Amino acid sequence: MRSSSLRLLLTGCALLALASPAFAQEAPIIVPATPIPAPEDAPDPHPPAVVPTDEPVAEAEPAAPPIPEVWAPVPVDAEGRSAYGLYLAGRIASFRGDSAESARLLSESQILVPEQPRLWNEAFLTSLFSGELDTVVRLTPAVEGQAELGEAGRLVSIIATLRDGDARSAYAAIRERPLVQPFASIGQYITPALAAATGDWDTALRPVTVNVQDPAALILRLQRAQALEARRRHDEAETEYKALVALPNGARLFTIRYGEFLERRGRREEALALYQASLAGPAPDPGALDGLARLSSRGRPPAAPTPTASVAAALDFASLIATERQDHKLTALLLRLSESLQPSDTTTLRLGMALAADQQEDAARQAFERVGRANEVVYAASRYNMGLSYQREEQDEPALAALTAAWEAAPGQTRLGLSLAGQLLAMDRNDEALAVLNGPELNTADQTADVRFMRGAALEALGRVEEAENELWTALQAHPENPILLNHLGYLWVDSGRRVDQGAEMIARAHAADPENGNIQDSLGWAQYRQGQYETAVVTLEGAVAKEPANAEINDHLGDAYWQVGRRREAGWQWNRVLTLDPDAERRAEIEQKLVSGLPEPTPVGAAQP
């Protein structure tokens, strides 16, 4: 089977990059922030909330009013909806993935029956992870007896208090009762900025003493630099910024902040050099584009960050560590809290990515939709990720619209063009796909092998086989051991009968390199079939179907192999199976003909001349 399957085409040759590190082109500016890996010897910023002991201790149930034996009258809201009906509706909304609606309904149910402690917990958790922060604050007193829930509620309550303009109360809450695990490190990150907000400069300006390998050093130095700038101690602030960008990951994360400081000090040329450096290398920072545009237009430097903005930055930083640990729910929570303090397209983009990683596709797309066009690269990233979300749910037209918007916003990013071309190919809009691939942005003298691979797939789909061969062969010369390229070109030669033996040898090499790939195993079985090795092909194709049971083409091939070895009833069953797998119109017609007439006598194809 061709490796230009729907999945591969939709991901813009992502399998190529995975199969061979050399295929990875310079990273496009589509992810504005990268997680911070904690060093092996660093303390765990988010250790388990419960430390195992010899004797497990049962967590105390929260105190609650007694639950009546009989509800009389049945609790209903102003619209006549019962508490139980609202609860069921909330659960149904959760099952269909609408977390925001689920949180709203469960909260309304909980208000009607406050004596139901289990409903407290369910409403609290649903609201926490759907971003209904005010509901979380309301329910926090009811869950304070439960370690993790109570601490999560306290964190949200502190941030909501700051959001509402009462920094003094927020700071008092964290000073009088510091956050404990699993949120202790987050409390450490936000305390200096809260102190600055209330004028406690001794705490805000306390020198950073944590080990330079500890990720906390990064955010604490940033906050100290910003606090020093707020006190007009500019030389000390610059010393802190220089120390910050000298730390591991410091330059990658905070060079833009240093550049903005230099702008405010009137040192535009130095800021320009920093922004230009931030756009070079494998992880360009889209924030540098804003700085370059500002300097080019001689715009006003950005204002110094407020303490509230510094708290938002600390939450953003904590979310990076949560992302590295693949704790997508915590990542989303921290980004929602950050967004509530300081709305930012970059934060909203990362929120959408966290929700998508947590398989909350509707909520993710809602976040991507909120990203504006102030920064075209961030906007393009939001539409790109929205397109991927629609692809995962096989919604072709919305996926195409989103990927088109991404490509139009940032046409210089190769990955966006490949993803758009892949989507067009998956929708059989082959001429349009080829037009994208042949455009000046992608059809360059130094174009990468994945561009040539995709162009070869488009040409093959259009029946321009010789041109397809040229593109695929050129790509293969750059990466001769890449299993995707070996398989695709090998299958083309086998299936067309042009170079069956040579194609079979290439497919065998691909299978040896990636034996768990069901598509490549199908290609191997089909090559054996074309060479007349029918019994061997049956075994190989049975293995391929076991790996890809819902693939129409592989099931079709196995049916053909069964027929050729005399297993006619199994062949018919296999072909009927294909009809249940939503084959395209051409394959459906072929299958229906096979079910009526079977296959002609076998005519294995030998090696063809070049």
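The values are calculated or read from the model by the stated rules, or taken from the named source; none is laboratory data. These numbers were taken from a predicted model, which means no experiment stands behind them. So basically every Cβ, Gly included, is an ideal-geometry build from the backbone, and we count neighbours across all protein chains shown. To get the accessible areas, we keep the full protein, side chains included, count just its heavy atoms, and leave off ligands, DNA and RNA. Shrake-Rupley method; radii C 1.70, N 1.55, O 1.52, S 1.80 Å.
Computed quantities for the displayed model
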item	result
Cα extents of the range 200-248 along the three principal axes, largest first (Å)	28, 20, 12
J(HN,Hα) series, the range 555-569, from Karplus relation 6.51 cos²θ - 1.76 cosθ + 1.60, nearest Hz, glycine and proline x	4, 4, 4, 5, x, 4, 5, 4, 4, 6, 9, x, 8, 5, 5
Residue 357-residue 201 pseudo-label distance in nm [points 7 Å out on the Cα-to-Cβ vector]	3.9
Computed FRET value (nearest 0.05) for residue 297 with residue 369, which takes r as the C-beta separation and R₀ as 30 Å	0.60
In nm, spacing of pseudo-spin labels at residue 601 and residue 231 (7 Å Cα→C-beta vector)	9.6
Contact order normalised by residue count of the range 457-610, Cα under 8 Å, 6+ apart, percent	20
Kirkwood hydrodynamic radius (C-alpha pairs) into Stokes-Einstein, the range 296-440, 25 °C and 0.890 mPa s, D in µm²/s	150
Extension gain from residue 467 to residue 175, taking 0.36 nm per residue of separation minus the Cα-Cα distance	98.1 nm
Spin-label model distance (nm) - residue 446 vs residue 542, 7 Å beyond Cα toward Cβ	5.2
Probe 1.4 Å, accessible area per residue of the range 229-302, Å²	52
Estimated vicinal HN-Hα couplings, Hz - the range 447-457 in sequence order (Karplus 6.51, -1.76, 1.60; Gly, Pro = x)	4, 7, 5, 5, 5, 5, 4, 5, 5, x, 5
Solvent-accessible area, 1.4 Å probe, carbon plus sulfur percent, for the range 529-585	48
